[in-house]
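So the structure is just underneath, and the comments pick up after that.
The values are calculated or read from the model by the stated rules, or taken from the named source; none is laboratory data. Bear in mind that the values here come from a model prediction, so they are computed numbers and not experimental data. Here the Cβ is made from the backbone with ideal geometry for all residues, glycine too, and neighbour counts use every protein chain on show. Areas reflect the complete protein model, heavy atoms only, side chains present, ligands, DNA and RNA absent. Shrake-Rupley method; radii C 1.70, N 1.55, O 1.52, S 1.80 Å.
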Amino acid sequence: MEPREFPQIEQQLAPVFERHGREANQLLQILREVQEIFHFIPPAAITCIAAHLGVPRTRVEGVAGFYSFLSLKPVGEYRILFSDNITDQMQGNPELMRYFCHKLWLEPGKVSEDSLLSVDSTSCTGMCDQGPAALVNGWPLTNLDHERLDLIAELIRGRKPVCDWPPRLFEVKDNIRRSGTLLGEPFAPGAAIKATLARGSAATLLEMEASGLRGRGGAGFSVARKWSMCRASPGEQHYMVCNADEGEPGTFKDRVLLNSYADLVCEGMTVGARIIGATKGFLYLRGEYRYLLNKLEQVLARRRAAGLLGRNILGETGFDFDIEIHLGAGAYICGEESALIESLEGKRGRPRNRPPFPVTHGYLDQPTVVDNVETLACAARIAAQGGEWFAAMGTAQSSGSKILSIAGDCARPGIYEYPFGVTLHEILDDCGAEDSYAVQVSGPSGILVSSKEFGRCISFEDLPTAGAFTVFKRGRDLLQIVQNFAHFFAHESCGFCTPCRVGTQLQKKIVDKIANDHGTVSDLEELKQLGHIMQTMSHCGLGHTAPNPVLDMLKKFPDAYQHKLKDLAFEPAFDLDGALETARNITGRDDTWAHLP
Amino acid sequence: MNEKRKIRLATCSLAGCFGCHMSLLDIDEKLFDLLGMIEFDRTPFTDIKHCGPCDIGIVEGGVSNAENVHVLKEFRKHCKVLVAIGACAITGGVPALRNNIDLWDCFQEVYLYEGGLEGNQIPNDPELPLPFDKVYPVYEVVKVDYFLPGCPPSADTIWKFLTDLIEGREPKLDYEMLRYD
Amino acid sequence: MGAPAMSKTITIDGKNVPFQDGQTIMNAALAAGVYIPHLCHNPQFEPHGSCKLCVVSVNGRNMTSCTMPAAEDMVVANNTPELNSDRKALVQMLFVEGNHICPACEASGNCQLQAAAYYLNMLSPHYTHFYQPRAVDASHPDIFLDLNRCILCELCVRASREVDGKNVFGISGRGIGTRLVVNAASGRLGDTNFAATDKAAHVCPTGTILIKRQGYKIPIGQRTFDHKKISEVQMEPMEPDHE
Ligand SMILES: Cc1cc2nc3c(=O)[nH]c(=O)nc-3n(C[C@H](O)[C@H](O)[C@H](O)COP(=O)(O)O)c2cc1C
Ligand code: SF4
Ligand code: SF4
Ligand code: SF4
Ligand code: FES
């Protein structure tokens, strides 16, 4: 492609700078807009942004190179990213992508000659209950099939702006199949704040304590403890952050909470802010959910108008709190709380060294609480209705309910709310899953559960989960599933630490080798050793959990790979004959000596 | 005690420079001691063309072309213990410097450009070993039992390693014997 | 120096090691003459924590010793066969990730990656090589930048930022595509204000940043790690700057 010149770059960027100001924290938000304007981040823009923000060029290039949705090389005016989550894959996305590329004479990963279009894949877009899914210039396409792709091809050929495409292409349903107290009961905006003000912060913290609420984002840390630690930490400012990164493949419950229960979530943040003493909050919205941005902004505006956000909330002098939405740009690691904070600061999403923890040194080094969307929704309910009511649900160590995002081989994929303690049998019955073989609980970083274990229950004591519940029926190729997960981790490793940066790649290579019928018993040993290194030497949770699917398969599903293994003790690490292909093409040879068995 | 059966040893050089072999010869008068303990099968020192059943096979050089694979597999098949010796066998070594260069560019440079060989034509003779797109270490093609790094390993190192191996000890290198250059 | 009696101690492999509040396990160990393998740590700069060679077991839990503050009652296991074997695996990962052809590298004999591999008795890189094409940048009049050997320790990044005040280096990309970048629109070192006298030109633990016209100046036999293990060299009062 011709190198393009950008003589007018400063004028072109002026309105973007105008919107975002000169704080380096705004870097990622600025880069998102630059990507939209130019369909990549031109070197000239990097120089210009660096000068505008007064940061080194390397800082801008570093961020531009980190996030999947930003690119340092041009992509198409229309950029279509097919979701490559395992459920999208089972629903036929690989075939659909080939179909689409074939139709438009395009190769995945390449840009069309006229710069009009590029097609690629992306990590789970959170539409598992209505896939196959994709993103076009960041907007979600659901329920893809040939008919829809034909239409999309027409629209692109006709250069119709994405905002004028038929709305049915972008329809996203909530698919709430089962609601409990969190999703089912009415909630009057303001109720939780009123109750908090009436009761006082300390007393509300006691209610949180009594509720036994634990974080819903995965780690299950006590909310009362986190909030009181932050409350007790000295700082110039305290911050309340809502983690809406929802990057774990197979998880989509936060999408639904933000779409239909945003008041509950904002209210949870506001209550938390009151308790920890924050005046500023952030909602970190994953880039894949930017379609929710306008709606969420409207909710915030409505709440400001109703006196539920802004200065002197509900007339309480000095109770000031407002929420700013920050968009991510395609990076699973930014769900990890300290990476999320880095990203909020406009940096690469690289997990910090801990200690110190965010509750004492978070956003801009100030005391910060990061909580999951669902956690905050629960907190709002507890603030309004008290802790005991909440603690009455669930099990001893897991009070309340849990929202599951159910997808895969079942008749009724969607959102299910259960009290903790529900068994997998019950869930599978409810969602219409028949002849189930395995369930991936909590996504690739979670636990692969075999049918023998379907009597186990969802709870912190037994099967903790951040919400994903992906069902596989008998006959599914489990090795292919694990391969998908291995690719996911290799793609999403942030690259900071050796064991994960290199280990996830090596793991991917070996799983591929086995899937391609070249694996041996020694490769299984290799996988175990790699798993051990990643689990014990990595810097953060991504590396610690990256080997989980592989190790679970090795332990519980020998049938998935045994038949694939060669009888030999050893097989070459690479495809010998394939490695001769280039030379065969160059020399035009095809004799026996130009091949290897 | 009965006369001990001599250990049968084969060596070869794949994509290497014979430096490791030269270093082996550098053990000088100890060669006689060595010959008391071993007998050679296929090596560049003998004229045996194919490797027969052996106790120890020593491979120098990386795997750069199809012929290397045939030789290497023959060694693996016939040798009870396979040793990769030298940087090239263990990491690809200096020949692997070409791994950053596109194979097509290599061919063009060698055969097509001004001053190239063969009358400006890329040869397609089946007699010529067909190169891989990259040079690979030996252990990525066959299972390797022992590694003896160095470029080349010094004569003393080779001697220490071989005597350990022949006398049935787990080979162990002192700090100053373990070198990658 | 007659240090004031430091009451607080941890134990490392059974040895009592005193520490001051805020001091990391690594720095306490270094001060007490206990070697913990490390590549991305250099006491002259802010801790980083990326190579993970320095991971130790603290009361049974693995922790990164170069970033973890020491605390009383820490019982640290460091020089154990298990940890050293895991560390060797990490070094092997670094070898296959980059393109390390030691016989053709000016840093050979003075390279900390190589020396750590010697120390951990690495006989082969074990894993499948990546053979990723990486750039060699010779645009600077006095310095080579050969990214084939970069282990992303960010020592140059830190030195340029913290000591030289220049920010010549940074990190871009992600995952296995993570790479060192320089502060120039052209991407060339020659177009930055980097100087051979900068601190950042002398901190690279590998042969990535090399001063031109100095190659192979030190004869074999006299190089840093020819006779001394990295565990001895790095315990000397000041880490030698890389020449
Ligand atoms: C790799 C990784 C990804 C994560 N992704 C998310 C996420 O998308 N959403 C989330 O709420 N928590 C995520 N977490 C957990 C957060 O680090 C943190 O524990 C959570 O936001 C705390 O909120 P909670 O206490 O309300 O659960 C992730 C953790 C790791 C290690
Ligand atoms: S474990 Fe992976 S994601 Fe976490 S810091 Fe290390 S490289 Fe990054
Ligand atoms: S940088 Fe070190 S390990 Fe890499 S090639 Fe050079 S000497 Fe060898
Ligand atoms: S160039 Fe050297 S100092 Fe800089 S990151 Fe790479 S290995 Fe570290
Ligand atoms: S020395 Fe501690 S992680 Fe590198």
Cross-link reach list, lysines versus A:Lys73, counting only Cα pairs under 17 Å and skipping chain neighbours closer than eight places
A:Lys110
Is it possible to state the helix-based mean residue ellipticity at 222 nm for chain A, with each DSSP H run of 4+ residues giving -39500 (n - 2.57), the sum divided by total residues, to the nearest 500 deg cm²/dmol? What is it?
-12000 deg cm²/dmol
Enumerate the calculated ³J(HN,Hα) couplings along region B:43-55 in order (Karplus 6.51 cos²θ - 1.76 cosθ + 1.60, θ = phi - 60°), each rounded to whole Hz, writing x wherever the residue is Gly or Pro.
8, x, 7, 9, 10, 6, 8, 10, 6, x, x, 9, 7
Seen from all sides and averaged, what is the projected area of the convex hull of the Cα atoms in region A:3-66, in nm²?
3.9
Residues of A:565-573, mean number of Cβ from any other protein chain within 10 Å of their own Cβ, rounded to a whole number?
3
Out of residues 5 or more away from A:Cys457 or on other chains, whose amide H comes under 5 Å of its own, with H placed 1.01 Å from N in the peptide plane?
A:Leu463
If you take all C-alpha pairs in region A:177-391, what percent of them are over 32 Å apart?
9
Exactly which trypsin sites (Lys or Arg not before Pro) in region B:28-102 are in a DSSP loop and have at most 14 other Cβ atoms within 10 Å?
B:Lys49
Among the listed pairs A:Lys509/A:Lys564; B:Lys73/B:Lys143; B:Lys49/B:Lys160, give every one whose C-alpha distance is greater than 20 Å.
B:Lys49/B:Lys160
Run the accessible area of region C:83-224 with a 1.4 Å probe and give the carbon-and-sulfur part as a rounded percent.
51
For chain A, rounded, prolate or oblate, judged on the Cα gyration tensor with a ≥ b ≥ c (square roots of eigenvalues), a/c < 1.5 rounded, else prolate if a/b > b/c?
oblate
So which residue, out of C:Asn183, C:Asn78, C:Asn59, gets the largest mean-square fluctuation from a GNM of chain C using Cα contacts under 10 Å as springs?
C:Asn59
Here region A:296-311 yields Karplus 3J(HN,Hα) values (6.51, -1.76, 1.60; θ = phi - 60°; whole Hz; Gly and Pro given as x) of 5, 4, 5, 4, 4, 4, 4, 5, 4, 4, 8, x, 9, 9, x, 7
Between A:Ser222 and residues 5 or more places away or on another chain, the pairs with built amide H atoms under 5 Å apart involve A:Gly215
Check cross-link reach from B:Lys77 to the aspartates and glutamates: straight Cα distance under 19 Å, and skip same-chain residues fewer than eight apart.
A:Asp567, A:Glu571, B:Glu39, B:Asp41, B:Asp55, B:Glu60, B:Glu67, B:Glu140, B:Asp145
MRE, 222 nm, helices only [DSSP H, n ≥ 4, -39500 (n - 2.57), over chain C, to nearest 500]
-4500 deg cm²/dmol
How many angstrom lie between the C-alpha centres of region A:58-75 and region C:153-230?
23
Spatial separation of Cα centroids for region B:116-181 and region A:296-349, in angstrom:
60
Using a 1.4 angstrom probe on heavy atoms only, work out the carbon and sulfur share of the accessible area of region A:401-476 in %.
46
In this structure, among B:Lys6/B:Lys30; A:Lys452/A:Lys556; A:Lys528/A:Lys556, pairs with alpha-carbon gaps over 18 Å are none
Loop-only check: which trypsin sites (Lys or Arg not before Pro) in region A:1-79 are DSSP coil with at most 13 other Cβ within 10 angstrom?
A:Arg4, A:Arg22
Test assert for region B:130-152: residues whose accessible surface shrinks by at least 30 Å² between chain alone and all chains, 1.4 Å probe, equal B:Leu130, B:Phe132, B:Asp133, B:Lys134, B:Tyr136, B:Tyr139, B:Glu140, B:Val141, B:Lys143, B:Phe147
Identify all aspartates and glutamates with a Cα-Cα distance to A:Lys280 below 15 Å; exclude those on the same chain that are fewer than 8 residues away in sequence.
A:Glu236, A:Glu267, A:Asp320, A:Asp322, A:Glu324, A:Glu345, A:Asp365, A:Asp371
Spacing of the two label points (7 Å from each Cα toward its C-beta) at C:Asp226 and A:Lys555, in nm:
5.1
Provide the per residue accessible area, probe 1.4 Å, for the protein assembly as shown, rounded to a whole number of square angstrom.
39
Diffusion coefficient, µm² s⁻¹, Stokes-Einstein with Kirkwood Rh over alpha-carbon pairs of the protein assembly as shown at 37 °C and 0.692 mPa s
105
Taking the Cα-to-Cβ direction at C:Asn121 and at C:Asn59 and moving 7 Å from each Cα, how far apart do the two end points lie in nm?
3.2
Across region A:68-84, in residue order, what do the Karplus-derived ³J(HN,Hα) couplings come to in whole Hz, using 6.51 cos²θ - 1.76 cosθ + 1.60 with θ = phi - 60° and x for Gly and Pro?
4, 7, 9, 9, 8, 10, x, 10, x, 4, 9, 10, 10, 10, 7, 5, 10
Looking at region B:82-181, which GluC sites (Glu not before Pro) are in a loop (DSSP not H, G, I, E or B) and have at most 15 other Cβ atoms within 10 Å?
B:Glu114, B:Glu118, B:Glu127, B:Glu167
B:Asp125, B:Asp133, A:Asp429, ranked by accessible area, largest first (probe 1.4 Å):
A:Asp429, B:Asp125, B:Asp133
Given a 1.4 Å probe and every protein chain left where it sits, what share in percent of the accessible area of region A:3-66 is carbon and sulfur?
52
Calculate the FRET efficiency for A:Lys452 and A:Thr279 from the Cβ-Cβ distance with a Förster distance of 45 Å, rounded to the nearest 0.05.
0.30
Go ahead and run the numbers for FRET between A:Ala411 and A:Lys73, Cβ-Cβ distance against an R0 of 35 Å, rounding to 0.05.
0.20
Let me make sure I get this right: for region C:51-173, a, b and c are the square roots of the gyration tensor eigenvalues over alpha carbons, sorted descending. Under 1.5 in a/c it's rounded, otherwise prolate if a/b > b/c, else oblate. Which is it?
oblate
Report the full-extension gain for the segment A:Thr592 to A:Glu36: residue separation times 0.36 nm, less the Cα-Cα distance, to one decimal in nm.
194.9 nm
For B:Arg179, A:Arg311, A:Arg476, A:Arg98, what's the largest-to-smallest order of accessible area, 1.4 Å probe?
A:Arg311, A:Arg98, A:Arg476, B:Arg179
Label 7 Å along Cα→Cβ of A:His425; region A:393-417 residues with amide nitrogen under 15 Å?
none
